[in-house]
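Note sheet for the following structure.
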Amino acid sequence: MVAEVISARAQHLMTQLLPLLQGQQSFVMLTGGGSLLLSRHLRRLVSTRRSLQNVLFVPDEFAPVLNAIGGYVLAQASAQRMGERQGEGSADAQMRKLRE
């Protein structure tokens, strides 16, 4: 059952990934735990479209650390955007008060 789910998700991902791999100028990076589960499928697909000398597969043991770094960067960017929105709101309110 798990193998069937992985295979179905791999097929869906490969359908979306194929056009990117056909364009030789693009750089494709897959992150997240799914890339570990789909590693065999990804390697097969990439090897049919590109020379393996032109592709870097991050070793499995680095995936948790890279996922943590990516999560931290995403959280930091989200917090910064939220702070900017709140700052804009208060600046707008101050400008309206000055105009009154």
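The values are calculated or read from the model by the stated rules, or taken from the named source; none is laboratory data. Keep in mind that this is a model prediction, so the values were computed, not measured. All Cβ positions, even for glycine, are placed from backbone atoms using ideal geometry, and neighbour counts span all protein chains on display.
Pairing residues of the range 1-12 that are assigned by TED's automatic domain parsing to the domain that holds Ser35 and within 15 Å of Ser35 (Cβ to Cβ) with residues that are modelled with pLDDT under 80 and hydrophobic (A, V, I, L, M, F, W, C), at Cβ distances under 6 Å and at least 6 apart in sequence or on separate chains, gives Ile6/Leu37; Ala10/Leu38.
Scanning the range 42-59 for residues that are surrounded by 15 or more Cβ atoms within 10 Å (Cβ to Cβ) and in a helix (DSSP H, G or I), we see that the one that is nearest to the chain's Cα centre (by Cα) is Leu42.
Considering each of Ser35, Ser26, Ser7 in turn, give the residue that is at pLDDT below 80, among the polar types (S, T, N, Q) and in a loop (DSSP other than H, G, I, E, B). Give the steps one after another, and end with the answer.
On the way: Ser35 fails: in a loop (DSSP other than H, G, I, E, B); Ser7 fails: in a loop (DSSP other than H, G, I, E, B).
Just one listed residue meets the conditions, Ser26.
When you check Gln16 against the structure, is it surrounded by 10 or more Cβ atoms within 10 Å (Cβ to Cβ), in a helix (DSSP H, G or I), modelled with pLDDT of 70 or more and not small (Gly, Ala, Ser), yes or no?
Details: surrounded by 10 or more Cβ atoms within 10 Å (Cβ to Cβ): no; in a helix (DSSP H, G or I): yes; modelled with pLDDT of 70 or more: yes; not small (Gly, Ala, Ser): yes.
No.
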